[in-house]
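Chemist: Following this message is one structure expressed as structure tokens.
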Amino acid sequence: MKILVSLIGGQPAPVYIGVLKENPDRNIFITSSEAFSQAERLKGALSMYDCIIMRIDPYDFKSSYETIRNLIAENVSNELVLNFTSGTKIM
């Protein structure tokens, strides 16, 4: 399964374009509380795709690291593609 992991910030266009280009089986949107509404809008605009939203605190490095590490471990048999063109830079 091809999974596209995208960081969500204030500019949703790079994420939207990335989804259309990669055509993944599943999207995982990683977002902060501040950008959660952007992630919800993207999920609605991309309703033909399987989309999951994961909320993290981008300024809590340890927690963010653990979340991403667990995501990778849970999907070791899948193809993971990272779109880091958006999102809070510390992510």
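Chemist: Name every residue in the range 1-46 that is hydrophobic (A, V, I, L, M, F, W, C) and touching a Pro at 6+ places or on another chain (Cβ under 7 Å), in order of residue number.
Modeler: 3, 4, 42
Chemist: Just for the range 41-86: of the residues that are of a type in the set (D, E, K, R) and open to solvent by 70 Å² or more (accessible area, probe 1.4 Å), which one is nearest to residue 4 (Cα to Cα)?
Modeler: 79
Chemist: In the range 24-37, how many are out of contact with any Cys (no Cβ under 9 Å at 6 or more places or on another chain) and crowded, with 21+ Cβ neighbours inside 10 Å?
Modeler: 5
The values are calculated or read from the model by the stated rules, or taken from the named source; none is laboratory data. Here the structure is a predicted model, which means the values were calculated and not measured. Cβ coordinates were reconstructed from backbone atoms using ideal geometry, including for glycine residues, and neighbour counts include every protein chain displayed. Accessible surface is based on the protein model in full, side chains and every heavy atom, while ligands, DNA and RNA are left aside. Shrake-Rupley method; radii C 1.70, N 1.55, O 1.52, S 1.80 Å.
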